[in-house]
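The structure appears below as structure tokens.
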Amino acid sequence: MDGFAKYLVRRFFQFFLVIFLGVSLAFLITNLSPVDPVEQSVSLMTSFGATDPRSVELMRSALEELYGLQGTMLDQYLSFWGRVLRGDFGPSLSAFPTPVMSLIMGALPWTIGLLTLALIITWSLGNLLGALAGYYRSNVLLKLSGAAVMALHPVPAYIIGLVLLLAFGFIWPVLPISGGAQMNLQPGFTFEYIRSLILHGTLPALTLVLVGIGSWFISMRSLVSNIVTDDHVVYAELGGVNSSKIFSQYVARNALLPQLTGLALSLGNVFGGAVITEFLFNYPGVGRLLIQGIYRGDYSLVLGVTTMSIISVAVAVFIIDLLYPLIDPRVRLG
Amino acid sequence: MFKILRDLLRYNIEFTIGFILTLAIFLFALAHFWAPMPDTAIYLLPPDMPPSAEYWFGTTSRGQDVLWQMSSAIWNTMLFGLSVTILSRLFAVAVGMISGYLGGKWDEFLMTINDTMIALPNIPILLLVYFVMRDQMSWPVLALTAALLGWNYDARLIRSVTLSLRNREFTRHAVFAGMSVPQILVRQHLPYVMPVIFFTAMNNLIWAIGLEVTLSVLGFSDINRPTIGGMIYWANQHQAIIAGIWWWIAFPIIAVVLLFLGLFLLAISVNEYIDPRSRLSRMGA
Amino acid sequence: MLAAVENKSASVEAKPVLRVEGLKAYYQMNYFGVRREVRAVDDVSLTIKRNEIYGIAGESSSGKSSLIKTIAGAITPPLRVVEGSVKFDFGGKELDVYAQRPAMKAARWKHLSYVMQGSMNVLNPVRKVKHAFHDFAFKHMGLSEGEFRARVESHLQRIGLDPRVLESYPHQLSGGMRQRLTIGLATVCEPEFIIADEPTTALDVLVQQDVLALIKGVQQRMGSSIIFVTHDMTVHAAIADRIGIVYAGRLVEEGPTLDVFQRPQHPYTAHLIASLPRIGDTRKRVALGGKPPNLADPPSGCRFHPRCPLAVDKCKSENPALLPRNSGRVACWRAGEVEAA
């Protein structure tokens, strides 16, 4: 088997393993916990008003069936897989009787849109700045911008988002701080609606960019400062190759390879940041859905969103893994 | 050790700033042991007092002194971060060194598991754990969960160092001399891996503190135990921003940003001290 | 009038193509309060004529690699030129490597090319080989794309490479092919001067012979000069016209290859030559006592004196200058006595 096929098989295997272990983990966490979701849901519902014992009993068995909590642990596990494969996580408790899956499907485009945009900006800007800073080490402007993005890098998303929210929502109120688009606008390809989308997305996206850019900057800069001492770069310099070409074709292009792998590895964390940011800016994505589900004690919603997040992140990682051979001939041609 | 510290303080400005910041915040957090009031008590003081000579950082809407709350909060947050770091170092070192030393099929197996863990999104899993644990969630459980999710990236780094040690002459000598695998790993390889452990520990600490802040801001931890995130959580609950109680939110944010900055400066300067290549480029600059 | 022209061309002919004068290059390090200065190249002067192959020999960490890198202008901090100059003469135009950097950059590959140590990795791993030729050579040749391609292909064929290698990535080629390719790359513009840093190290013996013949052939065809470094004395014997021996950062002896091999004047050279294996010679080789000196703290006087069998008191205190003697130059207080010993 040649290198490329081997690479593909490995990636496929890894992809299925992530989904298998992730989904099993979600099942285990919910089933090994000392808290019984059925009892919890029942007590949540009965706390709102009077209920007679018989209807509580009815509700209990209905919930057990709904959550797939009947039978042995293995039965439950298999039925959970069945539901995951069918994409059926039952109805949401807090938005009864809307199925969890349709809530997730409604929220997913928002998250994917926000994350993709923020990631593209973060990754390209962070890598560009980092590569320039690694190559032109004495440039003062690059040093300053580097110090700025590096100082932001350890601060958690919530704090950066909160500061932005205070700055642009209260101190200098120029941007909307809540929601995905203006409420009274009809969604569609109208100028008004798209403008509103962009305005509402600005602060959440900016938060994600500011949180993420530092680590790309740091790793790219150190990659580049190692690569400039590599033989092929030193040789090109001695060969009088012009420096913009050395920078783009000899240095940056080689440094981007590990950064693409890094992008795949970091997606899980980036998604976590998006969850928090969405909640903070009340952005209608899956992150907000997840946190609302937790506040409302919506068992099927929380389990559904967690499982779907694991699967979506695995799919995104897999797509990046498939793109990698396109830019690295050593993998493509074995 | 002291010589290294002295050298770093004298010749590395980033380290000096980071060291002073972290030390100052640590001393401030230490002060909570001498606090004039219990940190969990509420409505002891007049609420919503702006910063003044009596209450330096003001009081909260729950009648707490922001200054002393912060002191306890930073202590608790750092305690959480350190616990996560120490626990996750144990996992990372064990998996990384064993994988790197054994190599071959075992290495492939452990690293496949490792890469799988990396690809799992941490926050949703942590939130799920919180959701099913609810009231039984305490900070040690949270720390253990975070540690279980936070070791894999560093295990890869440690593995690559051990992998390079495996084929070195002294390892073969140790094998011929009849040392057992644990003996070789602990006595021969650990000293080489130490710098990596130390550097990743700094980054992990930053990550863990960020995680704690994030989760408790959302109220997903023991909300009655003062933490930095917890303070912001309560401030949000009382609409502090809208009510104009800015000091309740501003001071915790400033404190946590300074703490992050200090730890981050320590991390990068220590890394530079450890990594000979960045040392070289520094000399050339 | 005619005489003047003749005279001028004669002086160009006589003028060396490379002139190194009083060159000192030190590693200067200052980190965490530890100041270190390593004198890797210490007061070296040499000249190289047109159409000449000059070999630099010496043991590892003698500073020979630093010397050739300094000559090529290929040094990066902490290695810095402290004193002296490196000047090339390309067609009557003088070019100072360290004083005229932009002009130097423009001259690279057109007049001066470089074969690097470990040339296995000198090609960009993510681009096809043809791009390397284009990046390095196209701008100097003044040809159209098509003509350029044809020229490169015929050049590769002449050195025994299938032009199809241009369409491959470096990782698809064998080590020997890559080495050949880098020599092809270094010679495609037919430069007047080629600098080669350990061109044959890390190659197996058969490929080594091949590469040596290739270098020599290219040099003869183009009439260019070569300066190269290797610790392998057999390589020097095979291709060098003249040899310079480096010990502890200093040039200690220099002369025509044959003379140096047959009548070494410096005790260190004598030892290097004596330690070479010869067919039919069953005498036991004696290793030189002691270690190569630490360049951060070199011995006083002649740096070889702690290991020298002929050392006298004067050697410990005074550094001998490199002075003409017989057909070459030597730096030794007891130069005349080596042959006798």
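Readers should treat all values here as calculations from the given coordinates under stated rules, not as data from a laboratory. Owing to the predicted nature of the structure, the values given are computational and were not obtained by experimental measurement. Backbone-built Cβ (ideal geometry, glycine too); neighbour counts: all protein chains shown.
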C:SER45-A:LYS6 pseudo-label distance in nm [points 7 Å out on the Cα-to-Cβ vector]: 5.9
Fewest-first ranking of A:THR277, C:THR282, using other Cβ atoms within 10 Å as the exposure measure: C:THR282, A:THR277
Cβ-derived FRET efficiency at R0 35 Å, B:THR112 paired with B:MET179, nearest 0.05: 0.75
Efficiency of FRET from Cβ geometry, B:PHE170 and C:ASN294, R₀ 30 Å, rounded to 0.05: 0.80
Pairwise centroid distance, computed over Cα atoms, of region A:266-334 with region C:204-223, Å: 58
Alpha carbon convex hull of the protein assembly as shown, volume per residue in cubic angstrom: 251
Packing-based exposure ordering (other Cβ within 10 Å, fewest first) of C:TYR54, A:TYR136, A:TYR250: A:TYR136, C:TYR54, A:TYR250
Among C:THR201, C:THR257, C:THR70, residue whose mean-square fluctuation peaks in a GNM of chain C (springs only between Cα atoms under 10 Å): C:THR201
Residues C:ALA237 and A:ALA151, FRET efficiency given R0 of 45 Å [Cβ-Cβ distance, rounded to 0.05]: 0.15
At least 24 Å along the helix axis (C-alpha) and Kyte average at least -1.0, DSSP helices within chain A: A:3-32, A:100-135, A:191-227, A:253-280, A:299-327
Residue exposure sequence - C:GLU253, C:GLU52, C:GLU198 - by fewest surrounding Cβ within 10 Å: C:GLU52, C:GLU198, C:GLU253
Pair A:ILE121, B:GLN136: separation of 7 Å Cα→Cβ label points (nm): 4.4
Potential extension, C:ASP281-C:LYS216 segment - 0.36 nm per residue separation minus Cα distance: 20.5 nm
Cα-based helix-to-principal-axis angle, B:2-11 vs chain B, degrees rounded to 10: 70
DSSP beta bridge pairing in the protein assembly as shown, given as percent antiparallel to the nearest 5: 65
Over chain A, relative contact order from alpha-carbon pairs under 8 Å, at least 6 apart, %: 28
Cα-based shape type of region C:242-302, given that a ≥ b ≥ c are square roots of the gyration tensor eigenvalues and the cut on a/c is 1.5: oblate
Mean separation of Cα contacts under 8 Å (6+ apart) over length of chain B, as relative contact order %: 27
In degrees, nearest ten, helix C:205-222 long axis to first principal axis of chain C (Cα): 70
Rounded if a/c under 1.5, otherwise prolate or oblate - region C:176-243, Cα gyration tensor axes: oblate
Pairs beyond 21 Å (Cα-Cα), from C:LYS69/C:LYS105; C:LYS15/C:LYS93; C:LYS69/C:LYS314: C:LYS69/C:LYS314
Cα-based helix-to-principal-axis angle, C:175-187 vs chain C, degrees rounded to 10: 80
Tensor-based shape of region C:68-122 (alpha-carbon gyration tensor, a/c under 1.5 rounded, otherwise prolate or oblate): oblate
Listed residue (A:LEU301, A:LEU8, A:PHE96) projecting farthest to the positive dipole end of chain A, Cβ model: A:LEU8
Separation of the A:SER24 and A:LEU44 label points, Cα + 7 Å toward Cβ, nm: 2.8
Length-normalised contact order of region A:146-199 in % [C-alpha pairs under 8 Å, at least 6 apart]: 21
